[in-house]
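Take a look at the structure below.
The values are calculated or read from the model by the stated rules, or taken from the named source; none is laboratory data. Quantities reported herein were computed from a predicted structural model and do not represent experimental measurements. Quick reminder, even Gly has a Cβ in these numbers, built from the backbone with ideal geometry, and neighbours come from all protein chains shown.
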Amino acid sequence: MPTVAIDARDAVAPQLRGWGRYTQRLVAALEQAHPEDLDVRVIRDGGSGPEALFEQVGLPRLLRRERSDAVHAPNCFLPLRRPCPGVVTVHDLAFEAYPRDFAPRTRLKYRRLGRAAVRSAERVIAPSAFTRDDLGRRWGIEPERVRVVPEAPALPEGHAEPPAGPYLLAVGDLRAKKNLLRLVRAFARLHREGLEHRLVLAGVDAGEGPRLREAAAGAPVELAGYVSDERLDALLRGADLLVHPSLYEGFGLVVLEAMARDVPVALSHSTCLPETAGGAAEEFDPLDEQAIATALARATGNRDRHAELVRLGRDRAASFSWARAAEQTLDVYREVLR
């Protein structure tokens, strides 16, 4: 039986980010699928030393020793010289669109090793048609080599008590692409007009607070910092609205997390977000603060619209599953093995 090795080191990181959560849930779904024609081997430990050294030297040695028939790198860094065909997942090209959001060394690694890995791969997995097309625009990757495999809600649902409301929630760090400063200024405008909610920003380091508090101009903005899965779940369940003003995303998983919890969503109409939302969210121009404020007011102030967004979002989130993502991923493995 052919063996496919998947580099799952990101799934065991102490603080999971988007790609780590993707790897964790995909691996769990692959293990539950029990394909009769494939043996999926999960690699969780790269040993000590630099990551790039394991990815480009240690992993190929392991693949040779284990006689793997294919390898899957779920976060860009596929070995450039390998003893078997390779599949690579590219979540987005944010490091190309917003290079200043990344440390120079990180940006260099993605641009050089990431691009070379994608160009060498037998198949590329993207979470959205937007990312597939962006790979073509920026890196010249032929669309026939890319398979779109959407993600699904991944955050465990718990029972922790949500904070007292009412509040709006945004999730992300203070990078240019997250567009949080415009959101805070739009929220401040609504607060001056009588909005009773506060704005909770999860994932934003408290050390970045001065810029945001200056933009808030006295409006109630709360910086929650990095939060655990349990805390993020509670924050989502208690929110009256998830606001996602990002200028660039490859999938926007938090959108589905909110929808799965019956929380309405207002989001930017840029990049992949309308594709992920599928018409089940209030959309706005992320560069127009008045448009952001208008969308937030419409989603929170109109009871009928609020209920409609809850219903549409619940149905939209239910249309995605990790079982389906695993089956589509297994189909990609079968393609490269043929």
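Values as computed for the structure displayed
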{"item": "Filter result (surrounded by 20 or more Cβ atoms within 10 Å (Cβ to Cβ) and closer than 23 Å to residue 331 by Cβ) within segment 44-76", "result": "63, 68, 70, 71, 72, 73, 74, 75, 76"}
{"item": "Residues within segment 286-320 that are acidic (Asp, Glu), more than 12 Å from residue 264 (Cα to Cα) and surrounded by 15 or more Cβ atoms within 10 Å (Cβ to Cβ), tallied", "result": "1"}
{"item": "Checklist (1) surrounded by fewer than 22 Cβ atoms within 10 Å (Cβ to Cβ); (2) at pLDDT 95 or above; (3) of a type in the set (A, V, I, L, M, F, W, C); (4) in contact with a Leu (Cβ under 9 Å, 6 or more places away or on another chain) applied to residue 183, failing item", "result": "(1)"}
{"item": "Any hit, segment 82-101, residues being of a type in the set (Lys, Arg), surrounded by fewer than 22 Cβ atoms within 10 Å (Cβ to Cβ), closer than 26 Å to residue 131 by Cα and in contact with a Ser or Thr (Cβ under 9 Å, 6 or more places away or on another chain)", "result": "yes"}
{"item": "Sole exception among (1) crowded, with 24+ Cβ neighbours inside 10 Å; (2) out of contact with any Ser or Thr (no Cβ under 9 Å at 6 or more places or on another chain) for residue 228, by number", "result": "(1)"}
{"item": "Residue count for segment 93-139, restricted to those that are closer than 24 Å to residue 150 by Cα and under 18 Å from the mean Cα position of the chain (by Cα)", "result": "20"}
{"item": "Breaking point among (1) assigned by TED's automatic domain parsing to the domain that holds residue 178; (2) surrounded by fewer than 17 Cβ atoms within 10 Å (Cβ to Cβ); (3) over 18 Å from residue 269 (Cα atoms), for residue 331", "result": "(1)"}
{"item": "Segment 103-122: number of residues that are surrounded by fewer than 18 Cβ atoms within 10 Å (Cβ to Cβ) and at pLDDT 95 or above", "result": "4"}
{"item": "Condition met for residue 323 (in contact with a Lys or Arg (Cβ under 6 Å, 6 or more places away or on another chain), among the aliphatic types (A, V, I, L, M) and either buried (at least 22 other Cβ atoms within 10 Å of the Cβ) or closer than 28 Å to residue 89 by Cβ (or both))", "result": "no"}
{"item": "Condition broken by residue 245, with the remaining ones in (1) in contact (Cβ under 8 Å) with a residue 12 or more places away in the chain; (2) surrounded by fewer than 16 Cβ atoms within 10 Å (Cβ to Cβ); (3) of a type outside the set (Ser, Thr, Tyr) satisfied", "result": "(2)"}
{"item": "Segments classed as strands (runs of 3 or more DSSP E), wholly inside segment 60-179, with at least 2 members that are in contact (Cβ under 8 Å) with a residue 24 or more places away in the chain", "result": "70-73, 86-89, 123-126, 167-171"}
